[in-house]
Protein chains: 2
Amino acid sequence: MVVNFIPWVRERLKSGTYVGWLREEDGRVVAGGGMLLMDFPPHFLDSAAVRAYLLNFYVDPAFRGRGYARELLETAVGDARRRGIKVVSLHASKFGRPLYESSGFEATSEMRLWNDGVQPD
Amino acid sequence: MVVNFIPWVRERLKSGTYVGWLREEDGRVVAGGGMLLMDFPPHFLDSAAVRAYLLNFYVDPAFRGRGYARELLETAVGDARRRGIKVVSLHASKFGRPLYESSGFEATSEMRLWNDGVQPD
């Protein structure tokens, strides 16, 4: 995955369609998150045609419980808001769900098909 | 919405990131559906970096119950498969859900925030 991801993300960091945040602690990266700016059809509630998708949110296990995930989430949502983006989406892990719910995120009716029959968690 | 959508979709039909299908009956369009090809990070189960998002599926009420929705869905999923796209997603209405479930779609953990506080159905 890393082999595929690095050239992919490098190109999008340059073009500005991917934004990432890292938190450093004593010169070491201990948490991070990313946001992909996605082309999306204009909606009657959202004529912007750009949506933000949050991904790659991670906090080093040794640094959890310090509010770093919430801080990263607020940074990303604030950044999206300043860009005029109305819709921010993500796929929540079971552990992340309470944080997202308390930040105003709501479950959607999204459904997904894996064409090769593989369905991940 | 139409005013915003038409120039948006015209550009994407040209560039090839939007594909649409229409069903005609006696010279009249009675059903249709669309597929947006979205840039997405490579995943360990999907190195393709392109996902298909289905939208604008509609069957004229007078022509429902004839299998047109299923036919459009199979056309779109087949088209995605031929393009080598592994992941096909959509947002299901309550009425559409049984069709999507019987076609292999499963609910996801997607969550969404509307930055202006408006949350549609």
Subset of region B:40-70 [free of Cβ contacts under 8 Å to residues at least 24 places away in the same chain and of a type in the set (S, T, N, Q)]: B:47
Residue A:113 in contact with a helix residue (DSSP H, G or I) (Cβ under 7 Å, 6 or more places away or on another chain) and at the interface with chain B (Cβ under 7 Å from one of its Cβ atoms): yes
Contacts under 6 angstrom Cβ, first residue in region A:10-39 being among the aliphatic types (A, V, I, L, M), partner outside any strand (DSSP E or B), 6 or more apart: A:30/A:60; A:30/A:63; A:31/A:68; A:35/A:76; A:37/A:17
Options A:24, A:74: the member that is charged (D, E, K, R) and in contact with a strand residue (DSSP E or B) (Cβ under 8 Å, 6 or more places away or on another chain): A:24
In region A:55-65, the residues that are more than 14 Å from residue B:39 (Cα to Cα) and in contact with a strand residue (DSSP E or B) (Cβ under 8 Å, 6 or more places away or on another chain): A:56, A:57, A:58, A:59, A:60, A:62, A:63
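Taken together, the values in this text are just the output of simple stated rules run on the coordinates, not laboratory data. Everything quoted here is computed from the prediction, not taken from an experiment. Note that each Cβ is placed from the backbone with ideal geometry, even for glycine, and that neighbours are counted across all protein chains shown.
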